[in-house]
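Participant: Supplied in structure tokens, the structure appears directly below.
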Amino acid sequence: MSLTKEGFKVIPASTGEEALRIAQTEQPELILLDLMLPKLDGMMVLRILRSSSNTREIPVIVLSGNPMERDKVTAQKLGITQYFRKDASPMNELVATIRTTLGVAV
């Protein structure tokens, strides 16, 4: 199952800097954010997104391979919609959360 096959438009970013640029220019309806990004990590990206009036209201779902509970707590304090561990979260749960967040019928 992929997000594009589920009908979502996906704009990938390889680095935190690229993610911020895309967020500012594209104004996506939702951001899936990995915390392990090169150049600028996902937590810093999240802080910058939340500090900008252009992006602070965009829902963010964090996807992380990092099992650190403190990262989850910090991300939640920064106002994420949901936190998923890559190794413990089925794709159908992620898709359901995306649909719910965007108000898209199943």
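Participant: Could you compute the FRET efficiency for Ser52 and Lys5, with r as their C-beta to C-beta distance and R0 at 35 Å, rounded to 0.05?
Facilitator: 0.65
Participant: Using a probe radius of 1.4 Å on heavy atoms only, what accessible surface per residue do you get for the chain? Whole Å² is fine.
Facilitator: With all protein chains present, the chain gives 60 Å² per residue.
Participant: Right, something else. Expressed as a rounded percentage, what relative contact order does the chain have, with Cα pairs under 8 Å and six or more residues apart?
Facilitator: Computed over the chain, the figure is 23 percent.
Participant: Then there's this: Farthest toward the dipole's positive end in the chain, which of Thr55, Gly65, Leu102, given Cβ charges of +1 (Lys, Arg) and -1 (Asp, Glu) about the Cα centre?
Facilitator: The Cα lying farthest towards the positive end belongs to Thr55.
Participant: Hey, which lysines would be in cross-link range of Lys72, C-alpha to C-alpha under 28 Å, not counting anything within fewer than 8 residues on its own chain?
Facilitator: Filter leaves Lys9, Lys39, Lys86.
Participant: When only alpha-carbon atoms count, how far does the chain stretch along each of its three principal axes, as whole angstroms with the largest first?
Facilitator: Over the chain, Cα extents along the principal axes are 33, 31, 23 Å.
Participant: Per DSSP H run of at least 4 residues, take -39500 (n - 2.57); add these up for the chain, divide by its residues and hand me the 222 nm value, nearest 500 deg cm²/dmol.
Facilitator: Computed mean residue ellipticity for the chain: -12000 deg cm²/dmol.
Participant: Now for a separate question. With charges only on Cβ, +1 for K and R and -1 for D and E, what is the dipole size of the chain about its Cα centre, in debye, rounded to 20?
Facilitator: So the magnitude is around 160 debye.
Participant: For an R0 of 25 angstrom, estimate the FRET efficiency from the Cβ-Cβ distance between Arg99 and Gln76 and round to the nearest 0.05.
Facilitator: Efficiency for this residue pair is about 0.75.
Participant: Continuing with this model, one more query. Along the Cα→Cβ direction, 7 angstrom out, place labels at Met68 and Asp87. What is the inter-label distance in nm?
Facilitator: Each label point lies 7 Å from its Cα, and together they span 1.5 nm.
The values are calculated or read from the model by the stated rules, or taken from the named source; none is laboratory data. As the structure is a prediction and not an experimental result, all values here were calculated from the model. Neighbour counts run over all protein chains shown; Cβ positions are idealised from the backbone, glycine included. Protein only, heavy atoms only, side chains kept; ligands, DNA and RNA dropped before computing areas. Shrake-Rupley method; radii C 1.70, N 1.55, O 1.52, S 1.80 Å.
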